[in-house]
Amino acid sequence: MYKLLACCSMASGISLQPKMVQASLGVQKQGNGHCTNVPRNVNLEKLQNNYLFPEISKRELQHLDKYPNAKVISLGIGDTTEPIPEKISLSMANYARALSTAEGYRGYGAEQGNQALRKAIAETFYKNVLIRDKEVFVSDGSQCDISRLQLCLGSKVTIAVQDPSFPAYIDSSVIIGQAGDFQDKTGKYQNIVYMQCGPENNFFPDLTTTPRTDVIFFCSPNNPTGHAATRKQLQQLVEFARDNGSIIIFDSAYAAYITDNSPKSIFEIPGAKEVAIEISSFSKFAGFTGVRLGWTVVPEELLFSSGFPVINDFNRIVCTCFNGASNISQAGGLACLSSEGFQAICSVIDYYKENTKILVNTFASLGLKAYGGVNAPYVWVHFPGLKSWNVFAEILEKTHIITVPGSGFGPGGAEYIRISAFGQRERIIEASWRLEKLISNEKALFNSVENKE
């Protein structure tokens, strides 16, 4: 379709960021053998295509199959790349080694998490807002807790999401039966309220025109836009929830990246304990994407319409559906929150922040609008008039760089791509050079006002 740019630096057969990808290149075929009398879950039939990130992995594999000698740089799926600090990894190694001794062996732990870790989370992140350790539930990651919360709330509740937003909020809503039918014309599910959050409204919804829903999913700093809601914005959100009797599910997975004075927790806002749940994670904070560890805070003050405490039902869901996070992972979590461990983690976060500056400056020099990159490890780049999947494909074809098309995060991302700053510095610099060369040479394409999504 377009002339391929010559780039000698891409000729090597070594991938710049190899990783295991489990997506299959083949198209899954329907079985033609014996069928049971069990119908398929109708909600799963309503899902559109594959989940976003396995789809990105599948396309990466297809690209490598087409260009086996390509030097691929992955700035797509937000997977951390820098080693876990030694103090933290040693704490996990020592715990695992102790399991081979009679003195050190441990079996099942509490489903809600190690008491010492729950206390450390409460004291480290919520000391000034008086969250109690018994309100902290340790888990295997915030994405898993999204689905557990959906199970707790049930199929009858109505939901609102930021547009664009992390796709797990919508997909879990579809699976549990909240979403209704997909509308091809709008690209939305009929029973979900999509709260537009773009540069035109400072990435915060107009709550004066937002319909009431039972549940509001809200991520700050936002994935994918990188915007961290201001204190004033979160005050408006909490007031809106209180006025409407709604529950906010606040995703603070990227709070450690906040550079300015934006709140790092919804519980910094007065009255939030009566209307909000907070989910968070060690994944992007401590590089635990493979270790798997997160937490959810459910305040005792949060009540259902009947007056029954939400924490009691969530505890029941956790005890029924989860055997607790790995004891080894939790040992690592405790080390993360020690003075030495926390300092080491902050150094790694600063490293990723420098990567975002390089990427933001690259796009700025090319005259493209790039958002985020200040309070989050993502850069949200606008390509006016172009389909995001087409931009994704063009960048992949011409530069061998993996990004994420914005439409995968909702209709509001139709003209955007998300670029991750997780990567080793030399790869970020190389990626910036490739992108600059591509966009400079094909400015007419990237400034096109045709082909809207």
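The values are calculated or read from the model by the stated rules, or taken from the named source; none is laboratory data. Quick caveat, the model's predicted, so the values are computed rather than measured. Here Cβ is always computed from backbone atoms with ideal geometry, including for glycine, and neighbour counts include all displayed protein chains. Only protein heavy atoms, including side chains, enter the accessible area calculation; ligands, DNA and RNA are left aside. Shrake-Rupley method; radii C 1.70, N 1.55, O 1.52, S 1.80 Å.
The set of residues in segment 257-268 being surrounded by fewer than 22 Cβ atoms within 10 Å (Cβ to Cβ) and under 17 Å from Gly287 (Cα atoms) consists of Ile258 alone. For segment 345-359, a tally of residues being open to solvent by 10 Å² or more (accessible area, probe 1.4 Å) and either of a type in the set (Val, Ile, Thr) or within 19 Å of Asn441 (Cβ to Cβ) (or both) returns 2. Residues in segment 27-82 that are basic (Lys, Arg) and touching a residue at least 24 places away in the same chain (Cβ under 8 Å) were compared, and the one that is surrounded by the most Cβ atoms within 10 Å (Cβ to Cβ) is Lys71. Criterion applied to Arg118, Arg97, Arg40 was being of a type in the set (Lys, Arg) and in contact with a strand residue (DSSP E or B) (Cβ under 8 Å, 6 or more places away or on another chain), and the one residue passing it is Arg118.
Quick check on this structure: which one of Gly290, Gly226 is on the phi > 0 side of the Ramachandran plot and part of a loop (DSSP other than H, G, I, E, B)? Result of the check over Gly290, Gly226: Gly226. Residue pairs whose Cβ atoms lie under 6 Å apart, sitting 6 or more positions apart in sequence or on different chains, and linking a residue in segment 129-145 that is farther than 17 Å from Phe285 by Cα and of a type in the set (A, V, I, L, M) to a partner that is modelled with pLDDT under 95 and open to solvent by less than 10 Å² (accessible area, probe 1.4 Å), do not occur here. Given Ile121, Ile77, which one is part of a helix (DSSP H, G or I) and either under 22 Å from the mean Cα position of the chain (by Cα) or at positive phi (or both)? Testing whether each residue is part of a helix (DSSP H, G or I) and either under 22 Å from the mean Cα position of the chain (by Cα) or at positive phi (or both) leaves just Ile121. Whether any residue in segment 213-221 is within 21 Å of Pro405 (Cα to Cα), assigned to a loop (DSSP other than H, G, I, E, B) and modelled with pLDDT of 95 or more is what I want to check. Among the residues of segment 213-221, at least one is within 21 Å of Pro405 (Cα to Cα), assigned to a loop (DSSP other than H, G, I, E, B) and modelled with pLDDT of 95 or more, which makes the answer yes. Please name all residue pairs, on different chains or six or more residues apart, with Cβ atoms under 7 Å, provided the first residue is in segment 154-181 and is among the acidic types (Asp, Glu) and the second residue is in a helix (DSSP H, G or I). Pairs that qualify, where the first residue is among the acidic types (Asp, Glu) and the partner is in a helix (DSSP H, G or I), are Asp163/Pro411; Asp163/Gly412.
Name the residues in segment 411-439 that are open to solvent by 20 Å² or more (accessible area, probe 1.4 Å), assigned to a helix (DSSP H, G or I) and not aliphatic (A, V, I, L, M), would you? Across segment 411-439, the qualifying residues are Pro411, Gly412, Arg425, Glu426, Arg427, Glu430, Trp433, Glu436, Lys437. The set of residues in segment 151-165 being open to solvent by less than 30 Å² (accessible area, probe 1.4 Å), assigned to a loop (DSSP other than H, G, I, E, B) and out of contact with any helix residue (DSSP H, G or I) (no Cβ under 7 Å at 6 or more places or on another chain) consists of Gly154, Val157. Total residues in segment 169-184 satisfying the condition of being open to solvent by 10 Å² or more (accessible area, probe 1.4 Å) and under 19 Å from Tyr416 (Cβ atoms): the figure is 1.
Looking only at segment 51-74, how many residues end up being in contact with a Leu (Cβ under 9 Å, 6 or more places away or on another chain) and not in a helix (DSSP H, G or I)? Don't jump to the end; show me each part of the working.
Of all residues in segment 51-74, those in contact with a Leu (Cβ under 9 Å, 6 or more places away or on another chain) come to 58-63, 65, 70-74.
Still in the list and also not in a helix (DSSP H, G or I): 70-74.
So the answer is 5.
Of the residues Lys127, Lys188, only one is open to solvent by 70 Å² or more (accessible area, probe 1.4 Å) and charged (D, E, K, R); which?
Working: Lys188 fails: open to solvent by 70 Å² or more (accessible area, probe 1.4 Å).
Exactly one of Lys127, Lys188 is open to solvent by 70 Å² or more (accessible area, probe 1.4 Å) and charged (D, E, K, R), namely Lys127.
Residue-wise test of (1) in contact with a helix residue (DSSP H, G or I) (Cβ under 9 Å, 6 or more places away or on another chain); (2) surrounded by 20 or more Cβ atoms within 10 Å (Cβ to Cβ); (3) in a loop (DSSP other than H, G, I, E, B); (4) outside the structural domain of Gln143 (by TED's automatic domain parsing).
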residue	(1), (2), (3), (4)
Pro270	yes, no, yes, no
Ile279	yes, yes, no, no
Glu301	yes, no, yes, no
Asn312	no, no, no, no
Asn361	yes, no, no, yes
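Within segment 376-408, the residues that satisfy the criterion of being open to solvent by 10 Å² or more (accessible area, probe 1.4 Å) and not in a helix (DSSP H, G or I) are His382, Pro384, Leu386, Lys387, His400. Taking the numbered list (1) in contact with a helix residue (DSSP H, G or I) (Cβ under 7 Å, 6 or more places away or on another chain); (2) closer than 20 Å to Asn375 by Cβ; (3) of a type outside the set (S, T, N, Q) in turn, Leu207 passes all entries but (2).
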